[in-house]
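Structure first, then comments.
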Amino acid sequence: MTLTMENTGKVATNAAFAAGKFLSFYLSKEEYGIAILKVREIIGMVDVTPLPRTPSFVRGVINLRGKIIPVIDLRLKFGMEPAEYTNETCIVVVDVGREGENSVQVGCIVDTVSEVLSVEAEQFESAPRCANAAGDYIAGLGKLKDRVLILLDIDKVIGDLNPALLGAAG
């Protein structure tokens, strides 16, 4: 099953946050968000072809309508315990890099996708200083009614992948 996301909203950055829409998803019991402008589509789990000599969080590549897309497991990328894939496990395909021809698509394996949420400027909180040790992957925190949404800077999450792997995908 493929769900194509409509690209609306604005992107969160550490320098200047603008209110916008975020795709929320879970890794373990924690809820994360990616700016909806970065989300290309969501697909169910498919067979991933492993690649030799890649980091453990790089699960391999998939052929998505004739385009080779690298796939990473966000649990492993963030140092979490691996989990068995379920019917709810899916791949969120994101555009990283510059807009247009220079952007690259990468698949991110998540436990389950939740919903598209709006985060207003007054709900945004900068990431705590201790989060900087996590590689600056956190753009900030969304303070929702009864929970906190960890907003990821997906360009930074993907940014340290081997350029040759990203180049092969582009």
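Among the residues of segment 88-111, is there at least one that is surrounded by fewer than 19 Cβ atoms within 10 Å (Cβ to Cβ), within 25 Å of D146 (Cβ to Cβ) and out of contact with any Cys (no Cβ under 6 Å at 6 or more places or on another chain)? Yes, segment 88-111 contains at least one residue that is surrounded by fewer than 19 Cβ atoms within 10 Å (Cβ to Cβ), within 25 Å of D146 (Cβ to Cβ) and out of contact with any Cys (no Cβ under 6 Å at 6 or more places or on another chain).
Does E99 satisfy being under 17 Å from the mean Cα position of the chain (by Cα) and at pLDDT 95 or above? No, not satisfied. Here G167 meets the list (1) outside any loop (DSSP other than H, G, I, E, B); (2) buried (at least 17 other Cβ atoms within 10 Å of the Cβ); (3) at pLDDT below 85 almost entirely, failing just condition (2).
Counting only residues that are in a loop (DSSP other than H, G, I, E, B) and exposed (fewer than 15 other Cβ atoms within 10 Å of the Cβ), segment 51-79 holds 7 of them.
The values are calculated or read from the model by the stated rules, or taken from the named source; none is laboratory data. What you see is a predicted model, and the numbers here were worked out from it, not measured in a lab. Quick reminder, even Gly has a Cβ in these numbers, built from the backbone with ideal geometry, and neighbours come from all protein chains shown.
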